[in-house]
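Engineer: Handing you this structure, nothing more for now.
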Amino acid sequence: MVPTVEATLVAAQEKAAALFLDVVATGLIRPGKLESELSAEIHALARERYGVKRHWHKRVVRAGPNSVLTYHDEPPDRAIAADDTVYLDFGPVFESWEADFGRTYVVGEDPRKHRLVADIEAAFADGGAISSVPRG
C-alpha cells in the first residue's frame, strides 16, 4: 500500500522532531560555539542519521539578541553565551518530502527563560489544536 501524501508529510515532521531531539541528546547546543558552527554540526548530524542532503530553506541558528530577529535578517555570527536562548529553524528534506521545524532552547538556568520557552511551546500546541479543528 502506497502511503498517502498526508502520512508522508507527517513522517517527515516526525523525523524532523527526532532530529531536534538528537541535537539536544548529543549536546550540540553549548556556550562558546558560534551560530554557524552549530548550524554546520546540525547539518552533518541530519546527513549522518537521517540521510538529509538538503534543506528547502536556509538553516537559521540564532542565539541571545539574534534570536528575536526575523528570518530575513542576516546578523553577524555570534557565539552562544552561558545564559542565552537559542532558536533553531530548519527545513530538512527527507527523501523528497519537506519538513519545517523550529525550536527555542535555553542555555543556563535562568528560570524566566525556561518559563518563556515552556510558554512558547504551550502556545504553539494550543494554536495547533485550534487549527486542526474541522470547520464547517
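Engineer: Hey, Ile29 hits all of (1) surrounded by fewer than 17 Cβ atoms within 10 Å (Cβ to Cβ); (2) assigned to a loop (DSSP other than H, G, I, E, B) but one; which does it fall short on?
Structural biologist: Unmet for Ile29, out of (1) surrounded by fewer than 17 Cβ atoms within 10 Å (Cβ to Cβ); (2) assigned to a loop (DSSP other than H, G, I, E, B): (1).
Engineer: State all residues of the stretch 1-26 that are surrounded by fewer than 15 Cβ atoms within 10 Å (Cβ to Cβ) and aliphatic (A, V, I, L, M); if no residue qualifies, say none.
Structural biologist: Met1, Val2, Val5, Ala7, Val10, Ala17, Ala18, Leu21, Val24, Ala25
Engineer: Continuing with this model, one more query. Just wondering, is there one or more residues in the stretch 47-61 that are at positive phi, more than 16 Å from the chain's Cα centre (by Cα) and of a type outside the set (A, V, I, L, M, F, W, C)?
Structural biologist: Yes, the stretch 47-61 contains at least one residue that is at positive phi, more than 16 Å from the chain's Cα centre (by Cα) and of a type outside the set (A, V, I, L, M, F, W, C).
Engineer: Take the residues in the stretch 1-28 that are hydrophobic (A, V, I, L, M, F, W, C), in contact (Cβ under 8 Å) with a residue 60 or more places away in the chain and in contact with an Asp or Glu (Cβ under 9 Å, 6 or more places away or on another chain); name whichever of them is farthest from Tyr87 (Cα to Cα). Please lay out each step first, then the result.
Structural biologist: Narrowing the stretch 1-28 to residues hydrophobic (A, V, I, L, M, F, W, C): 1-2, 5, 7, 9-12, 16-21, 23-25, 28.
Add one more test, that the residue is in contact (Cβ under 8 Å) with a residue 60 or more places away in the chain, and what stays is 9, 11-12, 16-17, 19-20, 23-24.
The next check asks that each one be in contact with an Asp or Glu (Cβ under 9 Å, 6 or more places away or on another chain); those that pass are 9, 12, 16, 23.
Numbers: Leu9: 23, Ala12: 20, Ala16: 15, Val23: 12 Å.
Among them, the one singled out is Leu9.
Engineer: In the stretch 1-43, what residues are under 13 Å from the mean Cα position of the chain (by Cα) and among the hydrophobic types (A, V, I, L, M, F, W, C)?
Structural biologist: Across the stretch 1-43, the qualifying residues are Ala16, Ala17, Ala18, Leu19, Phe20, Leu21, Val23, Val24, Leu28, Ile29, Leu38, Ile42.
Engineer: Given (1) at pLDDT 95 or above; (2) within 22 Å of Ala25 (Cα to Cα); (3) not in a helix (DSSP H, G or I), where does Val52 come up short, assuming only one miss?
Structural biologist: For Val52, the failing item is (1).
Engineer: Considering every residue within the stretch 92-106, establish whether at least one is acidic (Asp, Glu), closer than 30 Å to Thr4 by Cα, assigned to a strand (DSSP E or B) and touching a strand residue (DSSP E or B) at 6+ places or on another chain (Cβ under 7 Å). Let's see the steps before the verdict.
Structural biologist: Just the residues of the stretch 92-106 that are acidic (Asp, Glu), to begin with: 95, 98, 100.
Now drop any that are not closer than 30 Å to Thr4 by Cα, which leaves 95, 98, 100.
From what is left, the residues that are assigned to a strand (DSSP E or B) are 98.
Next, from what is left, pick out any that are touching a strand residue (DSSP E or B) at 6+ places or on another chain (Cβ under 7 Å): none.
Looking through the stretch 92-106, none of the residues is acidic (Asp, Glu), closer than 30 Å to Thr4 by Cα, assigned to a strand (DSSP E or B) and touching a strand residue (DSSP E or B) at 6+ places or on another chain (Cβ under 7 Å).
Engineer: What number of residues in the stretch 66-84 are surrounded by 12 or more Cβ atoms within 10 Å (Cβ to Cβ) and either of a type in the set (Phe, Trp, Tyr) or out of contact with any helix residue (DSSP H, G or I) (no Cβ under 9 Å at 6 or more places or on another chain) (or both)?
Structural biologist: 2
The values are calculated or read from the model by the stated rules, or taken from the named source; none is laboratory data. Just so it is clear, the model here is predicted, and its values are computed rather than measured. Cβ sites come from the backbone with ideal geometry, for glycine too, and all protein chains shown count toward neighbours.
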